[in-house]
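This report refers to the structure that appears directly beneath it.
Every number in this text was worked out from the coordinates using simple rules, so none of it is lab data. Small disclaimer: the values here were computed from a predicted structure and weren't measured. Positions of Cβ are generated from backbone atoms using ideal geometry, with glycine treated the same way; all protein chains shown enter the neighbour counts.
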Amino acid sequence: MAAHPPAPSLLRLPAFRLHASAQLLGSVGVWMLRMATDWLVLELTGSSAAVGVLVALQFLPLLVVGPLGGLVADRHDKRRLVLLAQGAQAVLAAGLAAVTLTDVVQVWHLYVAAVLLGLVGAVEMPARQVLVNEVVGDAHLKTAISVTNALNQAGGLVGPAVAGALIAEVGQGWSFGLNAVVCVAVVLLVLAIRPAMLQRVPTVGRARGQLAEGFRYVAARAHLLAIVVLAGLMGALGLNGPVVLTAFAEAEWGTGARGFGLYSSVAALGALVGAVVTARLARLRVRHVVLAAGAFGAAETVTAVMPTHVTFLVMVGVTGFATLLFLSSAITWVQLATTPTVRGRVLAIYTPVLLGGHAGGGLLQGWLTEHLGVRQGLVVTGCLALVATAGVGLALVLHRRRARAVAAPTAPTAPTAQTAPTAQTAVTSSSPALSTRSATTSTAGTSAGTEGTSP
């Protein structure tokens, strides 16, 4: 098994230091923007369902145009795409600050901004994910992904706390304004990563059928397809923090914007631990991803029934841990199991499925919260997440058994009067759906981090 360089060795790479700083700062800004928009919609409407609509509008564009965004990332300079996307986000955040500080903001402004941010993210997300590969190379990729996930969650600790304090003291407008400044700072950091510092992933030229090639690549690999499906199900049934946490803060515990910020930070703290644990896994198998999804669903269900504020906070942290354990292991496995030249398109299928599920799940969770209450609604989605995980796990077990049956030697054929005796022939053909391992061979020393044929 190939050894993966530890995080300190990554920090000796100037390009990675700049990229890590941009990632941390960008994550702080994203969390601030999400919390400010979620809470402002709740203030304007008093409706958890309206927050669910906002979440859906943020992520539905990724589901609709995400695969096209992945193709753009495979064809073009990833660094330049990230720069353009961050610039667009700065403009949108400044616009939200303007309409909020002048007291003309309406819900539709936030909904339109959510759609535009989703469209920008459809291109920026796959480009940023592949840019990590260009910054560190294949040999460092597994560790770099884990460090990046940890930085995202560190941003999740700071962002909600800062946004909660700003909202409580001066309102959402200044939170939007600070987010615009953060986006500009991210642009400057990415600009400092010179092209000569990168290990370029080859771009692909224009050709017919490239978009469909990404779908065929995923469909032909059963384990990769299973992880993509599982991500969509978990997105729909578990990644509904804005809807759930705003409802708990407003209706259940009466803690307001500060409480919402506290819950988001506690969840991010647990998620940070989950990212660190994932980084320390010597081998990453499909079964680890499925087990992490099961832990996620179980933690979500238990959180819903916590009787006191303190026990609720503890379980929010546990749920954050289980969430990132699943998300980090899933995205790491997908990247390491995918050929670099098609990685952007595969990530642009995986990410929209995950976040598209998140969008639909936001609507579902908002409806359940308004009609059943936040606790009962969370129990329903948590139990459904457990059922979905069990279904995917069972499908993988059955697939493995069928694969073994196909690979098993056939029994000798008895000679007959019509045929001459023949030597026993071993049947060794295997389905293309089992070729996930072969996809990892092009990722140099990283393929040891995954096990594409073990559910």
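For the range 263-367, applying the loop criterion from DSSP together with a ceiling of 12 other beta carbons within 10 Å to the trypsin sites (Lys or Arg not before Pro) yields Arg280, Arg283.
So how do Ile193, Ile227 line up by other beta-carbon neighbours within 10 Å, fewest first?
Numbers: Ile193 22, Ile227 27.
Listed from fewest to most nearby Cβ atoms, that is Ile193, Ile227.
Sorting Leu151, Leu25 from the fewest to the most surrounding beta carbons within 10 angstrom yields Leu25, Leu151.
Think of it as helices only: each DSSP H run of n ≥ 4 in the chain is worth -39500 (n - 2.57), and spread over all residues that comes to -26500 deg cm²/dmol at 222 nm.
What number, in percent, do you get for the relative contact order of the range 219-375 if the mean sequence gap of Cα pairs under 8 Å and at least 6 apart is divided by its residue count?
Numbers: 176 pairs, mean separation 66.9, N = 157.
Across the range 219-375, relative contact order equals 43 percent.
Taken as entire DSSP H runs, the helices of the chain that both span 30 Å or more between Cα atoms along their own long axis and average -0.5 or more on the Kyte-Doolittle scale are 14-45, 48-75, 78-101, 107-136, 141-169, 256-279, 309-336, 340-372, 374-407.
Using the Cβ-Cβ distance between Leu291 and Cys383 with R0 set to 22 Å, the FRET efficiency works out to roughly 0.80. Label points 7 Å out from Cα along the Cβ direction at Thr311 and Arg280: separation in nm? Going from the Thr311 label point to the Arg280 one covers 2.8 nm.
Note down the relative contact order for the chain as a percent, whole number, built from C-alpha pairs under 8 angstrom at least six residues apart.
Working: 834 pairs, mean separation 122.0, N = 455.
Taking the mean separation of contacting Cα pairs over the length of the chain, I get 27 percent.
Each principal axis of the Cα cloud of the range 201-330 was taken in turn, and the coordinate range along them, longest first, works out to 56, 32, 25 Å.
Dividing the convex hull volume of the Cα atoms of the range 10-63 by its residue count, what figure in Å³ per residue is obtained?
Values: hull volume 4.7 nm³, N = 54.
Convex hull of Cα atoms, per residue: 88 Å³.
For a paramagnetic label modelled at 7 Å from the Cα of Val181 toward its Cβ, which residues of the range 25-49 fall within the zone defined by backbone nitrogen distances under 20 Å? Output list for this probe position: 25-37. Centre-to-centre, using Cα atoms only, the range 64-99 and the range 319-344 are separated by 21 Å.
Per-peptide packing, taken as the mean over residues of other Cβ atoms within 10 Å, places 236-243, 219-226 in the sequence 236-243, 219-226 from highest down.
Let me know the whole percent of all Cα-Cα pairs from the range 162-276 that are separated by more than 18 Å.
Numbers: 4890 of 6555 pairs.
It works out to 75 percent of all Cα pairs.
Shown here are the Rg and Dmax of the Cα trace of the range 124-203, at 16.0, 49 Å. Restriction of the trypsin sites (Lys or Arg not before Pro) in the range 5-92 to DSSP coil positions whose beta-carbon has at most 16 other beta-carbons within 10 angstrom yields Arg12.
With contacts taken as Cα pairs under 8 Å and at least 6 residues apart, the range 1-151 reaches a relative contact order of 41 percent.
With coordinates expressed along the principal axes, the C-alpha atoms belonging to the range 84-130 extend over 40, 17, 11 Å, beginning with the largest.
Determine, from the Cβ-Cβ distance of Val64 and Ala407 and an R0 of 41 Å, the FRET efficiency 1/(1 + (r/R0)^6), rounded to the nearest 0.05.
Numbers: r = 40 Å, r/R0 = 0.97.
Once rounded, the FRET efficiency stands at 0.55.
Database remark: amide H of Leu284 closer than 5 angstrom to the amide H of Thr450, Glu451 (H placed geometrically; neighbours at sequence offset of 5 or more, or on other chains; Pro and chain starts carry no H). Counting every other Cβ atom within 10 Å of each residue's Cβ, Leu245, Leu364 order from fewest to most as Leu364, Leu245.
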